Amino acid sequence: MCGIAGVFHRDPQQPIDSQVLVNMAAIQYHRGPDNFGYTNPAGAGIGLSHARLSIIDLNEERGRQPLVSPDQQYYLVHNGEFYDFQRIRAMLVSNGARFATKSDSEIILHLYPRYGMEKTLQYLRGEFAFALFDKSEDALYLVRDRFGIKPLYWSETADGIVFGSELKVLFAHPSVKRQLNAAGTYHQLIQVMVPGSTAFEGVHQVPPGHMIKVKRKDGKLIISQKKFWDMDFPVAGEYVNHHDESHYIEGVRDQLLEAVQLRLNADVPVGCYLSGGIDSCSILGLSAAVRQDPVKAFTIGFDSSEYDETPIAREMAEMTGADQLVLKLSADDLYNNFSRTIWHTERTIYNTLAVAKLLMSETVKQNRYKVVLTGEGSDELFGGYPAFRKDMFLYGLDDLPASLRKEWQSSLEESNSLFRGAMLPREDFNSAAMTDVVGFTPTCLQNWLHCHDYAMGLLNPEWRAQLKDYDAGAQIAATFDRSQLDGRHPLDKAQYVWIKTMLEGQILTWGGDRVDMANSMEARPAFLDHHLAKFATTVPPQLRIKGATEKYVLREAMKGLLPETLYKRQKFAFMAPPAHTDKKKWQSLMALMDEFASKEKVQAAGLLDSAAIEKMIADHEDPNMDRETKVQLDAVINHVLGVQLLHHHFVAQDLPNLAQQRADELGWHATA
């Protein structure tokens, strides 16, 4: 894992400042502290830089990027991991290729000239974001992995394209505008973003499973975007069950084991994240079975027994002989590190779980680990979230007796009462535009779309007027590929929508890469192996959620290695205790609001309405307010604080100057 950056000018003769390229690497030093590199070939109008975290091929010079082909036709910077690269490398060598490194990244420089970009991408397995410049075609490719595990941003300036692994990398370039806009800020306040967007004017993400091609022609840049992969569920009628349960159970087991085995490959030690859920316990159980030595397991614990999962995690660690480390977190830990977390997430967070995960990755680093396997993606593939069960009960079981439907829904609501107002909506919400595209408004989006009135009231009056007819549901739904939704089972649709919104925009961002790489730590989510994902789409909905049991097929596949308590337990959403649950947490949150979102700070930033913020906090402190509304308002208050911190970190600060200072501190300088 690493950090990448680059500049591509319209005019190839326009010089690119090499030190700016180095500064763009320096400001993401946390992503790649082991070394840096840059290339800025004269007259090419392309400059690339790279901050490296050494995991495969630890030779400092041999693995340094950017990589350049021997004929200087192809230039590459890559962030991420290509699994099974040794087999691909051997195939290429047998066909005459000669490799200069042992790095997985180099396979691109041999695949692309032989097969072109589209076929090259079919070979790639893992999580990745890379930029490839083809000199003969005079084109730049920006490519992001299938689920968006690795980030990649870009912006068009007066001179061309600037891109990088994080927003701060783009903002280190003096030509990139640093300005929050109305719609972007609104979406920060309601948690769910429009896929491909950011909170900042003119700054975009490469969508998951897409490549962007920037071709230079006649002094202009022609920018095109193409999808190379999607989560392709069968049309509902194709789910005629040609196999018994054992086929799917064994298939999931085989595919997951292969995904885990591949992700244990590294030239440095590999550990596991361990919560009390089926997902991480399955990963640990398989890793322990594959490995010859005890696995190091890292667990987050909270000071509230209602939210703490360490007892089950400890039982799993003992079963597998893992060497477990538990990080117990308090209010002070979470809120003292809130601002630092927003610097890394570069978007708002509704829950301090993001802070907890940042502190966990810091602990991993302190224990001299660079790589951990994680359980992200399991809920997305196998229908694990409470919202999926609700959609299944409502729309996916036409022949379910009304009495049983009511019983299952009641059980779902009762077992997830802590999360109403967050993971489950406190009341039903319908978006007409979303329903038009999907067939219903997925439960996973309802709570956040329901925050519309809060968000509008919190925006400054000018933006409020600008967005008076804004329909968040319509904007989000417009990004979906309807051909992937039409004719699909309701559970497939619900999972597809989550994967396109909450997985990429939340789970893999402020719950994944950004808080992991904040501490130079690579997380490998084995469930998001695309071969496993493809098999998961063939599992009939009634085996993903069987009766009232979520992730049924995964439970059965992993039954032999799970503690019985966990095997029988319903999904428990993993989140940190909200601020309202503890007086000290609330006081810590309010102290941060005083520091960054006071009336004076809010008015100076000019983004939000200070009177509306004051009223919301006063309403929240009403002892008669119900718990579900408090959970929802907790999230909105966290978002308000986050918006102010985005301004504080990325607008009020001089990022190009900060990047130069960072380069000077590191001694990272361009050579003359």
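The values are calculated or read from the model by the stated rules, or taken from the named source; none is laboratory data. Quantities reported herein were computed from a predicted structural model and do not represent experimental measurements. So basically every Cβ, Gly included, is an ideal-geometry build from the backbone, and we count neighbours across all protein chains shown. Areas reflect the complete protein model, heavy atoms only, side chains present, ligands, DNA and RNA absent. Shrake-Rupley method; radii C 1.70, N 1.55, O 1.52, S 1.80 Å.
When region 140-165 is examined, which residues are found to be basic (Lys, Arg), open to solvent by 10 Å² or more (accessible area, probe 1.4 Å) and within 14 Å of LYS213 (Cβ to Cβ)? Outline the logic, then answer.
Initially, region 140-165 is screened for residues basic (Lys, Arg), giving 144, 146, 150.
After this cut, where a residue has to be open to solvent by 10 Å² or more (accessible area, probe 1.4 Å) as well, the list is 146.
Of everything in region 140-165, nothing turns out to be basic (Lys, Arg), open to solvent by 10 Å² or more (accessible area, probe 1.4 Å) and within 14 Å of LYS213 (Cβ to Cβ).
Restricting region 450-464 to residues that are surrounded by 21 or more Cβ atoms within 10 Å (Cβ to Cβ) and modelled with pLDDT of 95 or more, which is farthest from ALA612 (Cα to Cα)?
Within region 450-464, the subset surrounded by 21 or more Cβ atoms within 10 Å (Cβ to Cβ) is 451, 455, 458-459, 463.
Retained after the next criterion (residues that are modelled with pLDDT of 95 or more): 455, 458-459, 463.
Values: ALA455: 10, LEU458: 6, LEU459: 9, TRP463: 14 Å.
Filtering first and then ranking leaves TRP463.
State all residues of region 3-16 that are touching a residue at least 12 places away in the same chain (Cβ under 8 Å) and either open to solvent by less than 10 Å² (accessible area, probe 1.4 Å) or in a loop (DSSP other than H, G, I, E, B) (or both); if no residue qualifies, say none.
Within region 3-16, GLY3, ILE4, ALA5, GLY6, VAL7, PHE8, ARG10, ASP11, PRO12, GLN13, GLN14, ILE16 qualify.
From (1) of a type in the set (A, V, I, L, M, F, W, C); (2) closer than 18 Å to GLN506 by Cα; (3) at pLDDT 95 or above, pick out the condition that doesn't hold for LEU467.
(2)
Tell me which residues, restricted to region 640-671, are in a helix (DSSP H, G or I) and open to solvent by 60 Å² or more (accessible area, probe 1.4 Å). Can you show your working first?
If we filter region 640-671 for residues that are in a helix (DSSP H, G or I), which is where we start, we get 640-652, 655-666.
Of everything in region 640-671, those that are in a helix (DSSP H, G or I) and open to solvent by 60 Å² or more (accessible area, probe 1.4 Å) turn out to be HIS648, ALA652, ASN657, GLN661, ARG662, ASP664, GLU665.
Considering only region 422-442, state which residues are under 16 Å from LYS390 (Cα atoms), at pLDDT 95 or above and either buried (at least 20 other Cβ atoms within 10 Å of the Cβ) or touching a Leu at 6+ places or on another chain (Cβ under 7 Å) (or both).
VAL438, THR441, PRO442, listed by residue number.
Which members of region 166-187 meet the condition of being in contact with a Pro (Cβ under 6 Å, 6 or more places away or on another chain) and surrounded by 24 or more Cβ atoms within 10 Å (Cβ to Cβ)?
Within region 166-187, ALA172 is the sole residue that qualifies.
Taking region 330-387 as the region of interest, how many residues are modelled with pLDDT under 95, touching a Leu at 6+ places or on another chain (Cβ under 7 Å) and among the aromatic types (Phe, Trp, Tyr)?
Total satisfying the criteria: 1.
Quick one: would you say LEU124 is free of Cβ contacts under 8 Å to residues at least 40 places away in the same chain and over 25 Å from LEU221 (Cα atoms)?
In short, no.
May I ask you to list the residues in region 314-335 that are among the polar types (S, T, N, Q) and closer than 20 Å to GLN292 by Cβ? Talk me through it step by step, then tell me what you get.
As a first pass, look at region 314-335 and keep what is among the polar types (S, T, N, Q): 320, 324, 330.
Hits for region 314-335 are THR320, GLN324.
I'd like to verify a number: residues in region 285-306 that are more than 30 Å from ASP582 (Cα to Cα) and without any contact (Cβ under 8 Å) to a residue 60 or more places away in the chain, how many?
The number of residues fulfilling the criteria is 7.
What single numbered condition from (1) in contact with a Ser or Thr (Cβ under 6 Å, 6 or more places away or on another chain); (2) hydroxyl-bearing (Ser, Thr, Tyr); (3) more than 23 Å from TYR369 (Cβ to Cβ) fails to hold for TYR307?
(1) is the only condition that TYR307 fails.
Taking the residues in region 21-51 that are assigned to a loop (DSSP other than H, G, I, E, B), of a type outside the set (A, V, I, L, M) and closer than 18 Å to VAL68 by Cα as candidates, determine which candidate is least open to solvent (accessible area, probe 1.4 Å).
Within region 21-51, the match that is least open to solvent (accessible area, probe 1.4 Å) is GLY45.
In the set VAL602, VAL643, which member is in contact with a Leu (Cβ under 7 Å, 6 or more places away or on another chain), in contact (Cβ under 8 Å) with a residue 12 or more places away in the chain and within 26 Å of CYS444 (Cα to Cα)?
Within the list VAL602, VAL643, the selection yields VAL643.
State which residue pairs qualify: first residue in contact (Cβ under 8 Å) with a residue 24 or more places away in the chain and inside region 307-329, second residue among the charged types (D, E, K, R) in any location, beta carbons under 6 Å apart, and separation of 6 or more residues or different chains.
ASP323/LYS296
Hey, any hits in region 316-326 for a residue that's at pLDDT below 95, open to solvent by less than 30 Å² (accessible area, probe 1.4 Å) and part of a loop (DSSP other than H, G, I, E, B)?
For region 316-326, residues at pLDDT below 95, open to solvent by less than 30 Å² (accessible area, probe 1.4 Å) and part of a loop (DSSP other than H, G, I, E, B): absent.
If I ask for residues that are among the β-branched types (Val, Ile, Thr), at pLDDT 85 or above and surrounded by fewer than 19 Cβ atoms within 10 Å (Cβ to Cβ), which ones from region 542-574 would you list? Can you show your working first?
Step one: filter region 542-574 for residues among the β-branched types (Val, Ile, Thr), giving 545, 549, 553, 565.
Filter once more, so that each one left must be at pLDDT 85 or above: 545, 549, 553.
Residue satisfying the conditions is THR549 alone.
State all residues of region 470-489 that are assigned to a helix (DSSP H, G or I) and open to solvent by less than 30 Å² (accessible area, probe 1.4 Å); if no residue qualifies, say none.
ALA472, GLY473, ILE476, ALA477, GLN484, listed by residue number.
Among what's in region 26-47 and is in contact with a helix residue (DSSP H, G or I) (Cβ under 8 Å, 6 or more places away or on another chain) and hydrophobic (A, V, I, L, M, F, W, C), pick the residue that is farthest from ALA158 (Cα to Cα).
Once the filter is applied, the top-ranked residue is PHE36.
Mind checking which residues of region 124-159 are among the β-branched types (Val, Ile, Thr) and either over 23 Å from the mean Cα position of the chain (by Cα) or farther than 26 Å from ASP71 by Cα (or both)? Working first, answer last.
Residues of region 124-159 among the β-branched types (Val, Ile, Thr): 143, 149, 157.
ILE149, THR157, listed by residue number.
Anything in region 94-113 that is without any contact (Cβ under 8 Å) to a residue 12 or more places away in the chain and in a helix (DSSP H, G or I)? List them, or say none.
Once the filter is applied, which keeps residues that are without any contact (Cβ under 8 Å) to a residue 12 or more places away in the chain and in a helix (DSSP H, G or I), region 94-113 yields only SER94.
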